[in-house]
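The values are calculated or read from the model by the stated rules, or taken from the named source; none is laboratory data. It should be emphasised that the depicted structure is a prediction, and the values quoted were computed from it without experimental measurement. Because the Cβ atoms are built from the backbone with ideal geometry, glycine has one as well, and the counts that use them run over all protein chains shown.
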Amino acid sequence: MEFGLAEKTVIVTGAGSNIGRSIAHSFAREGSNLVIADISEPDGLKVAKEVSEIGVRSLFIRMDVSKPDEVESMSKKTLDEFGKIDVLVNNVGWDHLGLFINKPREEWVKEVDLNFWSVINCTKAVLEPMIEQKSGAIVNISSDAGRMGEFQETVYSGCKAGVIAMTKSLAREVGRHGIRLNVVCPGATVGSPDDYGEGSMWRTDDMAQFLTPEVLEKMAKAYPLRRIGNPEDISNSVVFLASDAASWITGQTLSVSGGYTMM
Ligand SMILES: NC(=O)c1ccc[n+]([C@@H]2O[C@H](COP(=O)([O-])OP(=O)(O)OC[C@H]3O[C@@H](n4cnc5c(N)ncnc54)[C@H](O)[C@@H]3O)[C@@H](O)[C@H]2O)c1
């Protein structure tokens, strides 16, 4: 299969850790040049170095996806360095488990900022150059929680559902400009401890409680394929949806979750 991703300019937000890092590696293996956009400088610089060692150009940009001015500046810096933006992967997301009734308002605000405003801000920042060049692909990382709803993930699920609906709506608006948007919904995806950079949500104690072999084994039983995902499961599907091999696919939502969600 010909992906046609060599020499393409790909921005991956949250590429410093885990799923985002794997997405950056996968595009680099296809010969794409990478913008590693992350709030964590040590994680982002590390991944930028890793992908350049694969043999492509890379640029780390420290930015906060919830701040429109920083996001606009990321888009500008990318154009200055590479002259075009072919692919945007909106990967940053953030979750903290808890019952809706018990959550402090600050957590909802952070959930909306990092799971929904992030996608709005970054999409807006790349859309004009994509419209001008009459091509582009955007892959948004949502979650099965956004399709099914999930216990203790109420606002997170609402934001992830919003990402799916936004993707479909915008796909209808910009298809005429040669721009495609699709969504990947991971199920539980756990990398090796080396995958979690300092900016990863999995670094916090209560998220880390999921990383014991006993809990992971129990969780795997809820998946028809009887295993938890790894970051590469997700990045393979992102590369496909961003590629020429998916040139007639837009506005679609793909669950990559071992059959956990079937829709
Ligand atoms: N891992 C899973 O089990 C799972 C399941 C379903 C959906 N997802 C989704 O997949 C995506 C990636 O998840 P993950 O587990 O790899 O996350 P992670 O927390 O391990 O990594 C997130 C990355 O984003 C960066 N980041 C955090 N806040 C940022 C900000 N404000 N601006 C810029 N960068 C920022 C972090 O530094 C880190 O590198 C998220 O959208 C998440 O909701 C993950």
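Residue pairs whose Cβ atoms lie under 7 Å apart, sitting 6 or more positions apart in sequence or on different chains, and linking a residue in the range 89-102 that is farther than 16 Å from Ile11 by Cβ to a partner that is hydroxyl-bearing (Ser, Thr, Tyr), are Asp95/Tyr156; Phe100/Thr154.
Only one entry in Val12, Val51, Val71 is outside any helix (DSSP H, G or I) and either near the ligand (Cβ under 10 Å from one of its atoms) or buried (at least 20 other Cβ atoms within 10 Å of the Cβ) (or both), namely Val12. Taking first residues from the range 165-191 that are charged (D, E, K, R) and partners that are more than 16 Å from the ligand (Cβ to nearest atom) and in a loop (DSSP other than H, G, I, E, B), the Cβ contacts under 7 Å between residues at least 6 apart in sequence or on separate chains come to Lys168/Gly251; Arg172/Gly251; Arg180/Ile249; Arg180/Thr250.
Where helices (runs of 4 or more DSSP H) sit wholly within the range 110-223, those with at least 3 residues that are within 12 Å of the ligand (Cβ to nearest atom) and surrounded by 23 or more Cβ atoms within 10 Å (Cβ to Cβ) occupy 118-133, 154-174.
Hey, any hits in the range 101-108 for a residue that's aromatic (Phe, Trp, Tyr), over 19 Å from Asp233 (Cβ atoms), assigned to a helix (DSSP H, G or I) and under 15 Å from the mean Cα position of the chain (by Cα)? The answer is no, given that none of the residues of the range 101-108 is aromatic (Phe, Trp, Tyr), over 19 Å from Asp233 (Cβ atoms), assigned to a helix (DSSP H, G or I) and under 15 Å from the mean Cα position of the chain (by Cα).
Just one of the listed residues (Leu79, Leu59, Leu88) is in contact with a helix residue (DSSP H, G or I) (Cβ under 8 Å, 6 or more places away or on another chain), more than 14 Å from the ligand (Cβ to nearest atom) and part of a strand (DSSP E or B), and it is Leu59. Kindly establish whether Ala37 is within 13 Å of the ligand (Cβ to nearest atom), farther than 18 Å from Gly191 by Cα and part of a strand (DSSP E or B). Yes: the conditions hold for Ala37. Here is a check on your reading of the model: is Gly258 in a loop (DSSP other than H, G, I, E, B) and more than 9 Å from the ligand (Cβ to nearest atom)? Here the answer is yes, as Gly258 does meet what is asked. With respect to Ser26, determine if the residue is closer than 27 Å to Ile228 by Cα and modelled with pLDDT of 95 or more. Against the criterion (closer than 27 Å to Ile228 by Cα and modelled with pLDDT of 95 or more), Ser26 qualifies.
Only one of the numbered conditions (1) touching a Leu at 6+ places or on another chain (Cβ under 9 Å); (2) within 11 Å of the ligand (Cβ to nearest atom); (3) in a helix (DSSP H, G or I) is not met by Ile234, and that is (1). The number of residues in the range 23-34 that are of a type in the set (Ser, Thr, Tyr) and not in a helix (DSSP H, G or I) comes to 1.
The residue list Ser26, Ser17, Ser66 contains one member that is within 15 Å of the ligand (Cβ to nearest atom), buried (at least 18 other Cβ atoms within 10 Å of the Cβ), farther than 20 Å from Lys160 by Cβ and touching a residue at least 24 places away in the same chain (Cβ under 8 Å), which is Ser26. The single condition among (1) under 30 Å from Glu217 (Cα atoms); (2) surrounded by fewer than 16 Cβ atoms within 10 Å (Cβ to Cβ); (3) more than 13 Å from the ligand (Cβ to nearest atom) that Lys103 does not satisfy is (2).
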